[in-house]
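Asker: Right, I'll just put the structure down here and ask away after.
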Amino acid sequence: MGDYSQNTENTQTLLDLKSDPFDLFTDWMEEAEVSEPSDANAMVLATSTPDGHPSLRVVLLKGVDRNGFVFYTNKESRKGLELAENPFVSLLFHWKSLRRQIRIEGTVSPVSEQEADLYFASRSRMSRLGAVASDQSRPLENREIFKKRIQEAEERYEGQQVPRPANWSGYRVKPSAFEFWQERPYRLHDRARWTPEANTWSATRLYP
């Protein structure tokens, strides 16, 4: 008992169940932006087909506020088509340098046209050309075809702004639950889940 208390409970701070989950997310993200070698905003996005077949991929978080978590993609990609059929998703942030992760469950809705235009305009020109040229998730016979399409887009918009394609936009995930996890010695990890209750969030600590 002495070894357990000295090496775990007395040396680490437990999750504060009185914390607001959005504030706690912001605190952890700020720490990750300092400690992670690259892309602290990378998150795993889980979608599924209407009949329950799941798929995962890593996307980048491009905005967060009290309304939710925003990412962008081609609406005709696999994830875009799955989101059109089934709006329930999960997000996972894993920061290995901090030995922490956050799971978020929720539903998606499209961002406004203005938001999508503003973010698209902030991307590098080559990224915008790539979005125009790519039939994301579709079969590609060879890489040369894609390179040619990028070159054609480059010529088409020479000296002009590259417009946002109609099939390229963003989604906002409105959370219905947060789960925060942080590593502790002997796999006695600290976990807590936040769910909405009236106009606030209620937290419950979970067994590791």
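The values are calculated or read from the model by the stated rules, or taken from the named source; none is laboratory data. Note that the coordinates shown come from a computational prediction; the quantities given were computed from them, not determined experimentally. Glycine gets a Cβ as well: all are built from the backbone with ideal geometry, and neighbour counts include every protein chain shown. Only protein heavy atoms, including side chains, enter the accessible area calculation; ligands, DNA and RNA are left aside. Shrake-Rupley method; radii C 1.70, N 1.55, O 1.52, S 1.80 Å.
Asker: May I ask you to list the residues in the range 158-208 that are among the basic types (Lys, Arg) and either assigned to a loop (DSSP other than H, G, I, E, B) or touching a strand residue (DSSP E or B) at 6+ places or on another chain (Cβ under 8 Å) (or both)?
Answerer: Those that are among the basic types (Lys, Arg) and either assigned to a loop (DSSP other than H, G, I, E, B) or touching a strand residue (DSSP E or B) at 6+ places or on another chain (Cβ under 8 Å) (or both): 164, 172, 174, 184, 191, 193, 205.
Asker: So in the range 154-193, with the set limited to residues that are hydroxyl-bearing (Ser, Thr, Tyr), closer than 28 Å to residue 74 by Cβ and touching a residue at least 60 places away in the same chain (Cβ under 8 Å), which one is least open to solvent (accessible area, probe 1.4 Å)?
Answerer: The first filter runs over the range 154-193 and keeps only residues hydroxyl-bearing (Ser, Thr, Tyr), leaving 157, 169, 171, 176, 186.
Now drop any that are not closer than 28 Å to residue 74 by Cβ, which leaves 157, 169, 171, 176.
Pick out the ones that are also touching a residue at least 60 places away in the same chain (Cβ under 8 Å) and you get 169, 171, 176.
Working: 169: 7, 171: 23, 176: 59 Å².
For the range 154-193, the residue satisfying everything is 169.
Asker: Oh, and also: Where in the range 45-152 are the helices (runs of 4 or more DSSP H), entirely inside, with at least 1 residues that are in contact with a helix residue (DSSP H, G or I) (Cβ under 9 Å, 6 or more places away or on another chain), exposed (fewer than 13 other Cβ atoms within 10 Å of the Cβ) and on the phi < 0 side of the Ramachandran plot?
Answerer: Numbers: elements: 78-85, 113-122, 125-133.
Once the helices (runs of 4 or more DSSP H) in the range 45-152 are filtered for at least 1 residues that are in contact with a helix residue (DSSP H, G or I) (Cβ under 9 Å, 6 or more places away or on another chain), exposed (fewer than 13 other Cβ atoms within 10 Å of the Cβ) and on the phi < 0 side of the Ramachandran plot, what remains is 113-122, 125-133.
Asker: Restricting attention to the range 27-47, and to residues there that are polar (S, T, N, Q) and within 20 Å of residue 72 (Cβ to Cβ), which single residue is modelled with the lowest pLDDT?
Answerer: Only one residue tops the list, namely 38.
Asker: Could you look through the range 119-134, keep only residues that are over 14 Å from residue 153 (Cα atoms) and among the hydrophobic types (A, V, I, L, M, F, W, C), and pick out the one that is nearest to the chain's Cα centre (by Cα)?
Answerer: Residue satisfying both the conditions and the ranking: 120.
Asker: In this structure, does residue 90 turn out to be more than 12 Å from the chain's Cα centre (by Cα) and among the polar types (S, T, N, Q)?
Answerer: Taking the combined requirement at face value, the residue does not satisfy it.
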